[in-house]
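A.B. asks: To start, I am sharing the structure in question, which I have written as structure tokens.
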Amino acid sequence: MVLGNKITYVLWKWWYREMPQRFFSYFLKIFVFLFDFFSISICLRTLFSVWKRDLIDYQGLSLPDIFQAMTLNFASRFIGFLVKTLNIIAYTLIAFVYTAFTIVFLVFWYFYPLVILFLLTNGTRIILGG
């Protein structure tokens, strides 16, 4: 019976210690990938920069043209701000959903052996008419 106890110990150690550590490692790697994929650090650094470097120079322009260039530069900055803000919001939502999914998965992972045990005992009792 010593071999059975050793196998049971190895299984429980793998199920409750090693695999959750791996899951957490995978979770962090995917989280870092999402952060990099959405370029959050770049978006935060350049939040108020112009969109696609679309900037008009004011030198040598008349007064109405300077006003028009200022308006277009402001519009370019506003579009850049809007796109980057929507990108940050999309990342936040995806990161939240991914985190919630991971938590649900880990809770399911921890309680799955108990569910199997419950189903086996309940099914056996139903089959035997108890």
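A.B. asks: Residues 8, 85, 46: which one is modelled with pLDDT under 85, over 22 Å from residue 102 (Cβ atoms) and among the β-branched types (Val, Ile, Thr)?
C.D. replies: Only one candidate passes the filter, namely 8.
A.B. asks: Let me ask you something else. Check residue 44 against each of (1) in a helix (DSSP H, G or I); (2) within 26 Å of the chain's Cα centre (by Cα); (3) farther than 30 Å from residue 108 by Cβ; (4) without any contact (Cβ under 8 Å) to a residue 40 or more places away in the chain and name the one condition it does not meet.
C.D. replies: In the conditions (1) in a helix (DSSP H, G or I); (2) within 26 Å of the chain's Cα centre (by Cα); (3) farther than 30 Å from residue 108 by Cβ; (4) without any contact (Cβ under 8 Å) to a residue 40 or more places away in the chain, residue 44 misses (4) alone.
A.B. asks: Can you say whether residue 81 is surrounded by 11 or more Cβ atoms within 10 Å (Cβ to Cβ) and touching a Ser or Thr at 6+ places or on another chain (Cβ under 6 Å), as far as the supplied structure shows?
C.D. replies: No: the conditions fail for residue 81.
A.B. asks: Could you look through segment 47-59, keep only residues that are assigned to a loop (DSSP other than H, G, I, E, B) and loosely packed, with under 13 Cβ neighbours inside 10 Å, and pick out the one that is nearest to the chain's Cα centre (by Cα)?
C.D. replies: So, considering only residues that are assigned to a loop (DSSP other than H, G, I, E, B) and loosely packed, with under 13 Cβ neighbours inside 10 Å, the one nearest to the chain's Cα centre (by Cα) is 48.
A.B. asks: Given the conditions (1) loosely packed, with under 10 Cβ neighbours inside 10 Å; (2) closer than 30 Å to residue 105 by Cα; (3) polar (S, T, N, Q), which single one is not true for residue 62?
C.D. replies: (2)
A.B. asks: Still on this structure: For residue 75, work out the one condition from (1) assigned to a helix (DSSP H, G or I); (2) modelled with pLDDT under 90; (3) exposed (fewer than 13 other Cβ atoms within 10 Å of the Cβ) it doesn't fulfil.
C.D. replies: (3)
A.B. asks: Could you list, ordered by first residue, the pairs with Cβ atoms under 8 Å in which the first is in segment 11-31 and at positive phi and the second is of a type outside the set (Phe, Trp, Tyr), at least 6 apart or interchain?
C.D. replies: Taking only residues 6 or more apart or on different chains, not a single pair turns up.
A.B. asks: Let me ask something else about it. When you go through 39, 62, 49, 25 one by one, which is the residue that is among the small types (Gly, Ala, Ser) and over 28 Å from residue 77 (Cα atoms)?
C.D. replies: Details: 39 fails: over 28 Å from residue 77 (Cα atoms); 62 fails: over 28 Å from residue 77 (Cα atoms); 49 fails: over 28 Å from residue 77 (Cα atoms).
Sole residue among the options that is among the small types (Gly, Ala, Ser) and over 28 Å from residue 77 (Cα atoms): 25.
A.B. asks: Please go through segment 94-130 and pick out each residue that is surrounded by fewer than 10 Cβ atoms within 10 Å (Cβ to Cβ) and farther than 23 Å from residue 16 by Cβ.
C.D. replies: 126, 127, 128, 129, 130
A.B. asks: Further question on the same structure: Cβ-Cβ under 6 Å, sequence separation 6+ or interchain: first residue in segment 76-91 and closer than 17 Å to residue 56 by Cα, partner of a type outside the set (D, E, K, R) and assigned to a helix (DSSP H, G or I). Which pairs?
C.D. replies: These pairs meet every condition: 76/51; 79/51; 80/51.
A.B. asks: Looking at this structure, is residue 121 touching a helix residue (DSSP H, G or I) at 6+ places or on another chain (Cβ under 6 Å), under 30 Å from residue 13 (Cβ atoms) and among the β-branched types (Val, Ile, Thr)?
C.D. replies: no
The values are calculated or read from the model by the stated rules, or taken from the named source; none is laboratory data. None of these values were measured; they are calculated from a predicted model. All Cβ positions, glycine included, derive from the backbone under ideal geometry; neighbour counts span all protein chains shown.
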